[in-house]
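Colleague: My questions will all concern the structure given below.
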Amino acid sequence: KREDMGYDTQKPEGLLERIITWSTKPGDLVADFYSGSGTTASVAQALGRRFIACDVGRTAIAVTRRRVLTPLDPTVVRPLDISSVRRAARGFWSAQMAEQPGGDDADHVLKLYGAKPVGARCGRRDDVWVWVAPCTTPTGADLVDAAVAHAKAQDDALERVDILSWEWSTGDAAAIRAEARRKFGVELVMRSIPDDAQHTFSRRRRLTFLARPEVSLSLESEDGGMQVRIDALGYPDLTGVPEALCSDEVAWSELIDRWLVDWCHQGEGIIEPWISHLTPSETMPLVSPARPLAPGQKVLIKLTTVLGDDIERVLCLES
């Protein structure tokens, strides 16, 4: 019962422990390409093996991630990287689109958004300039800045620029919007391109391009250490957000599905995480436990909303 994740095909940890112990040595690599509830990965981690776990189901990925981020043996701390084949799949799709007459991947997305292509990855929707980010790289502040600068160079009277991206880099979305307003005098709207855009060719089907959510975080001292606090979370534009979540009676904290803090961020991978999940019986904590930090140490915060948006921010303890 302690292990039950609700999967009909789930195996007992004891069975996987026998198989992995008999067939591998500590440090060996164990791969499970139909991960399901993540038993193989969880047991392999506890036995000191490296592992690769793959699945196409979002629920399976979420359950597996939860199990390996909450290890059976808390003394086993290993770097963990969570990767997606989405980027590679988008690259393959983009190459296919480029071979077809009538435009590329950016023109396809612009038409789905209701914009008319006017140049490389650019379009217009009424008085709004629209730019589609490349599908194989995350969109960060520098790329946004260059896109807005290009838009203003084409039309200095522009008051609004929409950036459409498949994937966003680590960064403060609210600060990026404020910088665009200060530097270029435009209202910047950043929206995520839905995965379904790769498979939708009818302009009559309306897709939801959700605004990039914004989160306010802070590091504060507590009991001789530092703790991370979520101060606010919201969508700057509610277009496409389910009506049930737009009510004033819904607290912003109810938008959080899960979040984690990696106390020893070194640029890639997750090394020393603390993680919290939304559960039916418990209130989601908005403050992490306190942890001693050295000056200059970086802390990664990964947050997922109930709508599936992933937000990454890096905070650094000042020297």
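The values are calculated or read from the model by the stated rules, or taken from the named source; none is laboratory data. Values in this document were obtained by computation on a predicted structure and should not be read as measured data. Cβ: placed from backbone, ideal geometry, glycine included. Neighbour counts: every protein chain shown. Remember, those area values only see protein heavy atoms, side chains included, never the ligands or the DNA or RNA. Shrake-Rupley method; radii C 1.70, N 1.55, O 1.52, S 1.80 Å.
Colleague: How far apart, in nm, are the 7 Å Cα→Cβ label points at Ala178 and Asp73?
Modeller: 4.7 nm
Colleague: Rank Cys135, Cys54 by accessible area, highest first, at a 1.4 Å probe radius?
Modeller: Descending accessible area places them as Cys54, Cys135.
Colleague: Let me ask you something else. Starting at 0 and stepping by 10 Å, how many percent of the alpha carbon pairs of the stretch 128-258 end up in each bin?
Modeller: For the stretch 128-258, the pair-distance distribution reads 11, 35, 33, 17, 4, 1.
Colleague: Please report, to one decimal in angstroms, the Kirkwood hydrodynamic radius of the stretch 1-103 built from all distinct Cα-Cα pairs.
Modeller: Evaluated on the stretch 1-103, it is 15.2 Å.
Colleague: Let me ask you something else. Defining a contact as two alpha carbons under 8 Å apart and six or more residues distant in sequence, what relative contact order in percent does the chain show?
Modeller: On the way: 541 pairs, mean separation 35.0, N = 319.
Relative contact order comes out at 11 percent.
Colleague: Taking all protein chains in place and a 1.4 Å probe, what share, in percent, of the accessible surface of the stretch 103-180 do carbon and sulfur account for?
Modeller: 48 percent
Colleague: Contour minus end-to-end for Glu99 and Val287, with contour as 0.36 nm per residue of separation and end-to-end as the Cα-Cα distance? List each step's numbers first, then the result.
Modeller: Details: separation 188, 0.36 × 188 = 67.68 nm, distance 4.99 nm.
The span from Glu99 to Val287 would gain 62.7 nm if fully extended.
Colleague: Then there's this: Can you tell me the 0 to 90 degree angle between the C-alpha axis of helix 58-69 and the longest principal axis of the chain, rounded to 10?
Modeller: That helix lies at roughly 50 degrees to the long axis.
Colleague: With no solvent and one equal point scatterer per Cα, compute the Debye intensity ratio I(q)/I(0) for the stretch 174-319 at 0.13, 0.14 Å⁻¹ and report its log10, rounded to two decimals.
Modeller: Scattering profile of the stretch 174-319, log10 relative to I(0): -0.72, -0.82.
Colleague: Can you tell me the length gained on complete extension of the stretch Phe33 to Thr21, counting 0.36 nm per residue apart and subtracting the Cα distance?
Modeller: Result for the pair: 2.4 nm of gain on full extension.
Colleague: Taking only protein heavy atoms into account and a 1.4 Å probe, give the accessible area per residue of the chain in Å².
Modeller: With the other protein chains kept in place, the chain gives 55 Å² per residue.
Colleague: To continue, here is another question. With a 1.4 Å probe and all protein chains kept in place, how much accessible area does Lys116 have, in Å² rounded to the nearest 10?
Modeller: 140 Å²
Colleague: Of the candidates Lys111, Lys298, Lys183, which one comes out as most mobile in a Gaussian network treatment of the chain with C-alpha springs shorter than 10 Å?
Modeller: Checking each option, the largest mean-square fluctuation is seen for Lys183.
Colleague: Quick check for the chain: number of Lys pairs with alpha-carbon distance under 30 Å, counting only pairs 8 or more apart or on different chains?
Modeller: 12
Colleague: With label points built 7 Å along Cα→Cβ from the Cα atoms of Asp257 and Glu243, find their separation and express it in nm.
Modeller: About 2.3 nm, to one decimal.
Colleague: Here's something else I'd like to know. In debye to the nearest 20, how big a dipole does the chain give about its Cα centre with +1 on each Lys and Arg Cβ and -1 on each Asp and Glu Cβ?
Modeller: 780 debye
Colleague: Tell me what the chain gives for mean residue ellipticity at 222 nm when only DSSP H runs of n ≥ 4 count, each as -39,500 (n - 2.57), the sum divided by the residue total, rounded to 500 deg cm²/dmol.
Modeller: Working: 7 runs with 79 residues, N = 319.
After summing the helix terms and dividing by the residues of the chain, the value is -7500 deg cm²/dmol.
Colleague: Provide the solvent-accessible area of Ser84, counting protein heavy atoms only and rolling a 1.4 Å probe, rounded to the nearest 10 Å².
Modeller: 70 Å²
Colleague: Give the average over all directions of the projected area of the C-alpha convex hull of the chain, one decimal, in nm².
Modeller: Average of the hull's projected areas for the chain equals 20.1 nm².
Colleague: Summing +1 for each Lys or Arg and -1 for each Asp or Glu, what net charge is found among the other residues whose Cβ lies under 11 Å from the Cβ of Asp55?
Modeller: Here the count lands on +1.
Colleague: Let me ask something additional. His199: accessible area at probe 1.4 Å, nearest 10 Å²?
Modeller: The accessible area comes out at roughly 130 Å².
Colleague: Rounded to the nearest 0.05, what FRET efficiency do Val118 and Ser83 have when you use their Cβ-Cβ distance and R0 = 45 Å?
Modeller: 0.80
Colleague: Taking the 0 to 90 degree range and rounding to the nearest ten, how far is the long axis of helix 141-154 tilted relative to the main principal axis of the chain, both from C-alpha atoms?
Modeller: Approximately 10 degrees, to the nearest ten.
Colleague: Please arrange Phe184, Phe33, Phe209 by accessible surface area, largest first, computed with a 1.4 Å probe and ligands excluded.
Modeller: Heavy-atom accessible area, descending, gives Phe33, Phe184, Phe209.
Colleague: For the stretch 117-202, with equal point scatterers placed on the C-alpha atoms only and solvent neglected, what are the log10 I(q)/I(0) values from the Debye formula at q = 0.11, 0.19 1/Å, to two decimals?
Modeller: Result of the Debye calculation: -0.28, -0.83.
Colleague: Run the accessible area of the stretch 210-257 with a 1.4 Å probe and give the carbon-and-sulfur part as a rounded percent.
Modeller: 44 percent
Colleague: Leaving out ligands, DNA and RNA, and with a 1.4 Å probe, what % of the accessible surface on the stretch 1-76 is carbon or sulfur?
Modeller: Here carbon and sulfur together make up 58 percent of the probe-accessible area.
Colleague: How much length, in nm to one decimal, is gained on full extension between Cys316 and Ala232, taken as 0.36 nm per residue of separation minus their Cα-Cα distance?
Modeller: Details: separation 84, 0.36 × 84 = 30.24 nm, distance 1.89 nm.
Working it through step by step, the gained length comes to 28.3 nm.
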